[in-house]
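Encoded as C-alpha cells, the structure appears first; notes follow it.
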Amino acid sequence: MCNQTVGLVQREIEGQGISTVGISIAREISESVKPPRTYFLKYPFGHALGEAGNKLQHFTILKESLELLTSVQEPGTIIDSPYRWRRYRFEG
Amino acid sequence: MRNIMNRFMVMLFQIPWVKSYWSSRYPAVLSSSTPWKPLGKPLQHCKIAVITTGGVHLKTDKPFDMLDKEGDPSFRLIPSATEQEQLAITHDYYDHSDADKDINLVLPVDALKEAQQMGLVGESAEHFYGLMGHVGGQHLKTLVEETAQLIIRQLKLEKVDVVLLVPA
C-alpha cells in the first residue's frame, strides 16, 4: 500500500546518501517500516496534502514536512501534525 | 468483478475508523533499523525532488498496471515543469476524484513553488517520480531492488540533495 511503498523507497534513498522526508497517512505502517523522517496526518487516502483547492493547507503541510529535514535528529522520528481533518481552519 | 470489488473497498476506506483499523492490522514490512543521512547544507540551497505514490504519470506515458493483483512496482518520470493538464492518475485503490481536480493533493507542485519563491528550499530537480503505491507480494522485491535503485541513479545524476515522498 502507498505508505509502505513511500517508506521502503524512502529508506533506500536515504541509505544511499540523500536526505529524505515522507508524509504518512497511516501511522502504524510508518511505525513498522521505519523511514528516517515522517510527518503524519490523520487524513483520508488521496488527501496527504489536505483538501482540493486549499492552497494554504497544502503549503503549511509541505513547509512543516520539509522542516523535519533540519529539526529531526533521531532516525525513525514520526511527527504528528496538529491539523485535524476538516476541523482545523486554515486562514491566511 | 474485480473493478467493482475495488470500488467497494475504496468507498469503505473513506470511513475513518475503517481506515484506522485496516492500517493497524496491515502486515507491513517490519524494519529493525533506520538509515540516516543528515542534511549536508542549508535547506534553501538543497535541490529537491518529489516522489508520489498516487499513480501519477504523464498522459502520454504508459498507465500503471491495474490487472496484476500484486500491483505495479514500476515508476514514471515526470518532468518537474509539467502542467497539471498533462498529468493523469492511474490507481484503482484509492478515491482520486479530488486529486484528479487538484493534483497537489498527491504531488504538491504549487506549494513547492511557493516554498521556493520564499527561499525555504532550493530549486526543483529536472524530474519528479510517479509510483503506484499498491505494491505487494513478489513485487516488493522489485520495488526495492530495481525501481528504487533506478530512481536513486537518476536522483544522483540530477544532483538531488533532498527528496519529499508523498503517499496517496
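The values are calculated or read from the model by the stated rules, or taken from the named source; none is laboratory data. Because the structure is predicted, anything quoted here is derived from the model rather than measured. So basically every Cβ, Gly included, is an ideal-geometry build from the backbone, and we count neighbours across all protein chains shown.
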Residues of region B:89-128 being surrounded by fewer than 22 Cβ atoms within 10 Å (Cβ to Cβ) and over 23 Å from residue B:155 (Cα atoms), in sequence order, are B:90, B:92, B:93, B:95, B:97, B:98, B:100, B:101, B:102, B:118
query = Quick check: anything in region A:40-47 farther than 18 Å from residue B:102 by Cβ and without any contact (Cβ under 8 Å) to a residue 60 or more places away in the chain?
reply = yes
Within region B:31-60, restricting to residues that are touching a residue at least 24 places away in the same chain (Cβ under 8 Å) and more than 20 Å from residue A:10 (Cα to Cα), the one that is surrounded by the most Cβ atoms within 10 Å (Cβ to Cβ) is B:58
- Query: On the given criteria, is residue B:18 of a type in the set (Val, Ile, Thr), farther than 23 Å from residue A:50 by Cβ, modelled with pLDDT under 95 and surrounded by 12 or more Cβ atoms within 10 Å (Cβ to Cβ)?
  - Reply: no
